[in-house]
Amino acid sequence: MKIIVCVKQVPDTTEIKIDPVTNTLIRAGVPSIVNPYDAYALETALRLKERYGAEVLVISMGPEQAKEALKECLAVGADRAWLISDRAFGGSDTLATSFVLSRAVAWLSKELGDVGLILCGKQAIDGDTAQVGPEMAEHLDLPQLTYASDAELSEDGVLVKRENDDGYDMIKTKLPAVVTVTKISGETRLPSIKGKMRASKAEIPVLTAQTLEIDVEKCGLKGSPTKVKKTFTPVRTKTGIKVEGKTAAEAAAGMAGFLDEKKLV
Amino acid sequence: MEQKQEYKNIWVFIETEEGKAKPVGFELLTPGRLLADKIGEKLVAVIPGYGVREAARQAAAYGADEVLFIEGEEYRNYRTDVYADCMTELVERHRPLVILMGATNNGRDLGPRLACRLKTGLTADCTALDIDSMTKNVEWTRPAFGGNLMATILCPEHRPQMGTVRPGVFKKPVPDEDGSAAEQKLIGESAGIKPERIRTEIVERIKEVVQSVNLEEAEIIVSGGRGIGKAENFSYIRELADVLGGAVGSSRACVDADWIPHAHQVGQTGKTVAPKLYIACGISGAIQHLAGMSGAETIVAINKDPDAPIFGVADYGIVGDLLEVIPELIREIKKVKEI
């Protein structure tokens, strides 16, 4: 069986800072990483591969630079990788992005056969929409299981542990299926030296709109129903009381007094 | 889209679990009311579920002009295919202008599935909504880049316009207790769900027995961050929360370190909360965390680092060692409460 893992290269949002003078994002120097939830999806795929045997294929839609993210995936054990890249894809919202990815999944299924599982992170940390996985499942008319924190294969399907608001469900479905992955237990693996060497030499083929026979009206800005009207930096200014250099007892007494005054105790 | 003007009314999807409505559905009736009034159209609550008549009556009491309820055993527990087929049928029948949904795990599972089937736009995790009364385009405002940036999104050419909102962002409307008036607003609907279309099966449901964490409803939250040092030190946070009758929250760092379950996490990838009082202990105040709690009425912070960004949003901050300050604070609060 083949498992396709969809990954996105994202800026490390924990490293983004706001310029205090202009109140705008400082993007320069912010490192690009594999979206952490996609790394969990990849780890899930690699664990399934170890347990049941499978070939792990990784795809990413993005600019040429996203090949770096794909190489990181190859270095930790993915078998093959493809970049999905075309000028026509620029400006795609989630509906258009999921459409392009669904065409890539369909293309790989046709070329290679036997694609059983498509794994994605539950969401990417730059957009945080959690929409691309389910939308891709709908484009492909496949069942979806979201928020999976664990997955195992059964004779004809997949069983996942799905997080919900007050616990979790064990849910199963037949393959092929789309599964989106949340934080999983245990660590994600690190690349081996051999893996890094193999990744650095790997040629990553590029799938374009033409290869995938994609109608350009359905991707990029044209294929995106949502439009960004404006962006702005949230303003957070408050002039509160800050107590420094007091003993714990003095400071605590002051805070308790403040809370009492506000009728919060 | 040619018949854009055929799409009317503001829908709020109300998620139920075993017949009981999740609070976020009612919360969405607040912004839903504002949008409906601004364009002079109806606010409609849509409730598929099993044994949902009471939930439907509640939605009417919370101010929906109409409540479409869809009753059936197949809706007892959420499954994507059942709910997506049901909502698709209802949307095609009634053509709503706008659909608001709660950004729960199920809402975020259903929303994109439905939006994709309807080939329309969906804006996730909105924190503010407005509508242009001429174009009837909703202006959906949401955080991006981990809360570092806010974006206002439009879906100008496609209908319905869809968006999700996280629990705790809006407050529930004040309910109108007139029961008979509520009853008149209820409209039973049905959808033809084909069993062969249901492709997933819930094998087992496990409720976590860890104390129920209802952060979205809590009036007081005491949260611990990386600065507490180790898992055992959450006892300080718990004790302070107990004295105040509050709930225990956490930053992402502690969840990633497995010091506390994810259900306690406040922030961009956790819960959005708006309590009366938020006490941040050992939390530096990364923008991802601030995105989840800056709606609190009063914020107090205890942190060793005088430059921690949390002090920028705090009404009262103590620069100090929380392991020393918290026990003293507990003593002082007990004094105030005379216990």
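Throughout, read-outs are computed from the coordinates displayed, never taken from laboratory work. Bear in mind that the values here come from a model prediction, so they are computed numbers and not experimental data. For neighbour counting, all protein chains shown are included, and Cβ atoms are generated from backbone atoms with ideal geometry for every residue, glycine included.
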Here the whole-number average of other chain Cβ atoms within 10 Å per Cβ of B:289-301 is 2
Any residue on another chain or 5+ positions along whose placed amide H is under 5 Å from the amide H of B:V165 is listed here as B:M101, B:G102, B:A103, B:D125, B:C126
Averaged over residues of A:119-126, the number of beta carbons from other chains lying within 10 Å of each residue's Cβ is 2
In terms of Cα to Cα distance under 17 Å, which aspartates and glutamates are near enough to A:K17, apart from those fewer than 8 places away along the same chain? A:D126, B:D307
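I need the peptides A:29-37, B:119-127, B:247-255 ranked by packing, meaning the mean over residues of other C-beta atoms within 10 angstrom, with the highest value on top. List each step's numbers first, then the result.
Details: A:29-37: 17.7, B:119-127: 23.7, B:247-255: 25.2.
Highest to lowest by the protection proxy: B:247-255, B:119-127, A:29-37.
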Averaged over B:318-327, number of beta-carbon atoms from partner chains that fall within 10 Å: 5
Go through B:K20/B:K171; A:K2/A:K110; A:K71/A:K174; A:K122/A:K196 and tell me which ones have a Cα-Cα distance over 21 Å in this structure. A:K71/A:K174; A:K122/A:K196
When the expected Rg is taken as 2.2 N^0.38 Å, what fraction or multiple of it is the alpha-carbon Rg of region A:2-218? 1.00
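Let me know the volume per residue of the alpha-carbon convex hull for the protein assembly as shown, in Å³. Intermediate results must be reported in sequence, preceding the final value.
Details: hull volume 99.3 nm³, N = 604.
Considering the Cα atoms of the protein assembly as shown, their hull volume per residue is 164 Å³.
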Taking a crude spin-label model, label points 7 Å out from Cα along the C-beta direction, the B:A257 to A:R189 distance in nm is 2.8 nm
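Would you check region B:215-337 for Lys pairs whose C-alpha atoms are within less than 23 Å, ignoring same-chain pairs closer than 8 in sequence, and give me the count? Mind showing how you got there, number by number?
Working: B:K230/B:K271; B:K230/B:K304; B:K276/B:K334; B:K276/B:K335; B:K276/B:K337.
Close lysine pairs found across region B:215-337: 5.
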Per 10 Å bin from zero, what fraction in whole % of the C-alpha pairs of chain B is there, up to the bin with the longest pair? 6, 24, 29, 23, 14, 5, 0
So what is the diffusion coefficient of region B:4-197 in µm² per second by Stokes-Einstein at 25 °C and 0.890 mPa s, using a Kirkwood Rh over Cα pairs? 149 µm²/s
Can you tell me the Rg and the Dmax, both Å, for the Cα atoms in region B:215-337? 12.7, 37
Size of region B:95-183 as Cα extents on the principal axes (Å, biggest first): 44, 30, 29
Mind sorting A:S102, B:S180 by how few other Cβ atoms lie within 10 Å of their own Cβ, fewest first? B:S180, A:S102
